[in-house]
Each structure stands twice: as structure tokens, then as C-alpha cells.
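Note sheet for the following structure.
The values are calculated or read from the model by the stated rules, or taken from the named source; none is laboratory data. The structure presented is a predicted model; accordingly, all values stated were derived computationally and were not measured. Ideal geometry is used to build each Cβ from the backbone, glycine not excepted, and the neighbour counts take in all protein chains shown. For accessibility, only protein heavy atoms count, side chains too; no ligands or nucleic acids. Shrake-Rupley method; radii C 1.70, N 1.55, O 1.52, S 1.80 Å.
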Amino acid sequence: MTKSTARAGAGLQGRDRLAFLLVLVPYLIEHEQVSVATAAEHFGVSEALIRESVALIAVSGVPGETSAYQHEDLFDIDWDLFEQRDQIVLTRLVVIDDSPRFSAREAAALIAGLQYLSALPGSADDEVIGSLMSKLAIGSSGRPTEVAVAASPATAALVPVRDALAQRRELSFDYLSADGRTEHRTVDPLRVESLDRDWYLRGWCHLRQAVRTFRIDRMSGVEIGENQAQHGADDLSVPSDFFQPSATDLTVTINIETAALPMIAEFFTADSQVREVGNRSLVNLRLGHVHGFKRVVAGLGGLAEVTDPGTAREEVAAWSREALAGYGL
């Protein structure tokens, strides 16, 4: 529909008039309250055509079970606003109200997810997320329960990490390593990535003079430095694997249900070996320290056990016994 045709108003017949009504109704629903002048300007039509179309919408609808147009089967508008102030507000919707809607609990769950998403790096624009949360609240079948997603240590640390990346500045923090020691690190941040539930910072470590991977929930006292980062993701080769083998790594053998192998895939390196024995597998993993692997084995609920070396097996067993004692078991 061209503007010149639309401005004719009376020239809209048959399909053209129907097409115009089909785009006008969603526009009015989306805007909730809009002036005749604003709607006319938006569609490039005359105000007279807008008034005529709104009046037609108000006597349109879908026949109910009786196959007759009853009052509740028709659209309705706020006639006082329309006639006295040239404002359009739809007060009753048909068909659309019969479409499936999220329940209040479903909407609350989605809103909680969007709140979490808004705290992550690389997320959509905050205004877009806020608009979507408002629409979920309005469009659900009931009022969603108000929820607030508390920031975890990882999501709290993501704020300065994201800012340092954007500003290409050095980042300093205290880092709890896999062997339980805390070291102060200064890095040139390269990028942030996620793996399952955990978030990681890939950066050029000034202490190690190499690219290193840091789990963000183990970072504390995160501060953006005054110096510009000397290395960026564009001028360094960042390994695709999260974990790189080292000469000081410990080789650990795991006996695990074959079906559960994907649950430890993040620890695989290029030289990891897997040997199937029935429905189980023996896996050799190179770990910087067994300390960070203990909670993984414990979380597998008996699907895996450390078999070698004996020191690693005993360390995992001792950690499990200590955890059970904390629950009085």
C-alpha cells in the first residue's frame, strides 16, 4: 500500500482495507494508547481514515459458540478518550485473548532467566531485555511472582572483567588455583567464555608470560588497572582447548561409566586415552592438580572412581569423607 493510495482514504476497498486493518490492530495493541495523529503519521494515512478504521474495529470480532456476535465477541475501545481527546485505547481484545499464554510461574521463570542473562557479557541490549520482561509480565495469564536473581561470585566479577575487555586495560585479581593456593595475577584480558555452568577468562598472564585460563568464580579483588593491555585476542593465538598440558601435570586414571564420559569431557586433552571395558571406560587425564577434580568425581554419584595413582585416589576419598561428615553422615 503506497502513501498516496492510503491518503485517499475512501479509495481503500476490499483487500486493501482488510490489509490495513490487519496491520492497524497489532499496532494499537502494541502501543496500548496512541493518538489518532500519531497513528496517521506512522502509517502515512489521513486522520480521517484512522478514525474510520478504529470505528470499524470497534464493531468487529469473531462469533462465539452461538455463531452470533455477542457483546463479548467484539473488540471495544474507550469511546470517551476516542471522541473527546482523539486517543485510541482498545479495552477488549478478541481471538488474541484466546491464544495460549504463559502461566504466571512460566513467566516468572523466564523473567528470572532474563535477569541472569542481563548480567552476562555479550548479552543483548539492556533495553531489549527490559522490554521483553515487561511484555512477559503483561502477557501472562496471571501476575508473575516477583523474583530477584542474586549475583554469584562469577557474575559479580564479570562486571569489571567486561569493562576491562571493552577498554582494553590490564586486569588484576587474587586467584585461587586448582591446588588451593592463592596468587596475585595481572593479565591482559583476551576474551570471556563459558563451559557448562562455569565462566572463564582467557588472558595473557604477566606472571607466566603466556596465555592462561582463569575460572571467574575463583577470582577475587578484581580491579581494572591504569595501564593499557599490551596483548589482544587479535594479535595472539588463543588455544581452542580450555586446558593445556604441562610438564608438571599429574596423570590420573578414571574408571567411569561409558555413558557418563561427556560429563568429564572438559578435562580431555589431545593426549587423553580412553579404553572401553564392557559398559565402562578407563580414561587417562592430565590434571594440573587433583584438587579441582575432586568435586567433579563426587558429583558423578558413583558413576566414576579414581583408580590411579593411589595418592590421588586417597585425596578424593578423604575429601568425600570430609564432605559427608559435614552433613553428619
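Listed values, structure above:
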quantity	calculated
Exclusive hit being more than 22 Å from the chain's Cα centre (by Cα) and open to solvent by less than 30 Å² (accessible area, probe 1.4 Å), set A164, A229	A229
Residue satisfying condition, being modelled with pLDDT under 80 and either loosely packed, with under 15 Cβ neighbours inside 10 Å or of a type outside the set (K, R) (or both), within set G310, G288	G288
Residues of segment 260-294 satisfying the condition of being part of a helix (DSSP H, G or I) and in contact (Cβ under 8 Å) with a residue 24 or more places away in the chain	A260, M263, I264, E266, F267, V290, H291, G292, F293, K294
Subset of segment 313-329 [in contact with a strand residue (DSSP E or B) (Cβ under 6 Å, 6 or more places away or on another chain) and either at positive phi or open to solvent by 70 Å² or more (accessible area, probe 1.4 Å) (or both)]	R313
Selection from segment 74-109 of residues that are in a helix (DSSP H, G or I), over 18 Å from I50 (Cα atoms) and either in contact with a Ser or Thr (Cβ under 9 Å, 6 or more places away or on another chain) or modelled with pLDDT under 55 (or both)	I96, D97, D98, A104, R105, E106, A107, A108
Within segment 254-282, tally of residues that are more than 19 Å from S320 (Cβ to Cβ) and in contact with a Phe, Trp or Tyr (Cβ under 8 Å, 6 or more places away or on another chain)	2
Looking only at segment 171-225, and only at residues there that are under 24 Å from the mean Cα position of the chain (by Cα) and of a type in the set (S, T, Y), the one that is nearest to A157 (Cα to Cα)	S220
